[in-house]
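A short write-up of the structure that comes next.
The values are calculated or read from the model by the stated rules, or taken from the named source; none is laboratory data. Fair warning: this is a prediction, and the values are worked out from it, not measured in the lab. Positions of Cβ are backbone-derived with ideal geometry, glycine not excepted, and every protein chain shown enters the neighbour counts. Heavy atoms of the whole protein, side chains included, go into the accessibility calculation; ligands, DNA and RNA do not. Shrake-Rupley method; radii C 1.70, N 1.55, O 1.52, S 1.80 Å.
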Amino acid sequence: MAPTHRPFRVSIAVLLAGAALVLAGCGGDGVSALSPDATVPHAALSGGQGRDGSGIQYSNHKNSAGPGDAGRLESALLTRADLKPLADFRVEGTYLGERGEDRLFTCQDGPVQALGSSRFAIREFGVPDGEDYDFTVASVVVRFDDAGAARRAASRVEGWLTTCQRRMFPGDESAGTQRRQTVSVAGGAGTVWTHHHTVPGAGRHEYLGVGAHGSVLVLTACGFTSQDYPFRDPGTDPGGVMLRAALEKAAEAA
């Protein structure tokens, strides 16, 4: 069920502002541009700031996934249908390769590439046209050579989360990141984290999921800036909904 209130909007950096889409060795990786979950090539970014204005610069990298790898990775990403319990999010883009300096969530301390594999895919969502919500939503799938590497990558992301307040909000007692719940499915498990910090006139709330299914790492992120909490109906907690769906689909990338 879609949220029914209209949260307070604040200005955020425009996603991929000024970015030029280039073919970066992803030959055969794309799907039809008419697809509701269409893939676009690697996006080359040449500076600017991350979403939180940090100015962190991440290097672009070529995705080494071949056509078969790319298809499996893409099939494991969340789709609009998977997010229906939350809202009717539209797909902003699906990316097979590093995204430059763009950040998927506030506590992120490095690019997806830094987790140790170049075989990954990212899908980002936005709210439907005409709605007045300020959301950032993302699904990430990373494939490793073995289950141990996937678990180590998950631990690294959890390290980003546990050190977030000290790294990014020193002295800000209103900011905090904590474990919320454990999610498990056949063959995989992960943890949902919550992060909160204040912004002018409202609060920034994020639900972050990190888990592993065999040799596949999944990351899910849903963040919103609001004076209120938009997910009050049973079964609409974005952390649990997104991470469970991602873990269940992770077998597609094996």
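When you scan the stretch 184-196, how many residues do you find that are touching a His at 6+ places or on another chain (Cβ under 7 Å), under 14 Å from A246 (Cβ atoms) and open to solvent by 30 Å² or more (accessible area, probe 1.4 Å)?
Final tally of qualifying residues: 1.
Checked against the criterion of being open to solvent by 20 Å² or more (accessible area, probe 1.4 Å), outside any loop (DSSP other than H, G, I, E, B) and more than 26 Å from T182 (Cβ to Cβ), the candidates E92, E158 yield just one match: E92. Selection within the stretch 213-247: residues that are touching a helix residue (DSSP H, G or I) at 6+ places or on another chain (Cβ under 9 Å) and either of a type in the set (S, T, Y) or open to solvent by 40 Å² or more (accessible area, probe 1.4 Å) (or both). The member of this set that is nearest to F125 (Cα to Cα) is T220. Flag: V199 matches the condition of being open to solvent by 10 Å² or more (accessible area, probe 1.4 Å) and of a type in the set (A, V, I, L, M, F, W, C).
Taken over the stretch 161-183, the criterion of being open to solvent by 20 Å² or more (accessible area, probe 1.4 Å) and either part of a loop (DSSP other than H, G, I, E, B) or in contact (Cβ under 8 Å) with a residue 40 or more places away in the chain (or both) is satisfied by T163, R167, M168, F169, P170, G171, D172, E173, S174, T177, R180, Q181.
Just one of the numbered conditions (1) at pLDDT 95 or above; (2) within 22 Å of R119 (Cα to Cα) is not true of V192: (2).
Of the conditions (1) under 13 Å from L86 (Cα atoms); (2) at pLDDT below 90; (3) not in a loop (DSSP other than H, G, I, E, B), C222 clears all except one; give me its number. It fails just one condition, (2).
Could you run through the stretch 132-150 and say how many residues are surrounded by 16 or more Cβ atoms within 10 Å (Cβ to Cβ) and of a type in the set (D, E, K, R)? Matching residues across the stretch 132-150 total 2. Any chance you could count how many residues in the stretch 52-89 are surrounded by fewer than 16 Cβ atoms within 10 Å (Cβ to Cβ), small (G, A, S) and at pLDDT below 90? Number satisfying all stated conditions: 7.
Inspect all residues belonging to the stretch 193-206 and state whether any of them is among the small types (G, A, S) and within 25 Å of D88 (Cβ to Cβ).
Going residue by residue through the stretch 193-206, those that are among the small types (G, A, S) are 201-203.
Retained after the next criterion (residues that are within 25 Å of D88 (Cβ to Cβ)): 202-203.
Yes.
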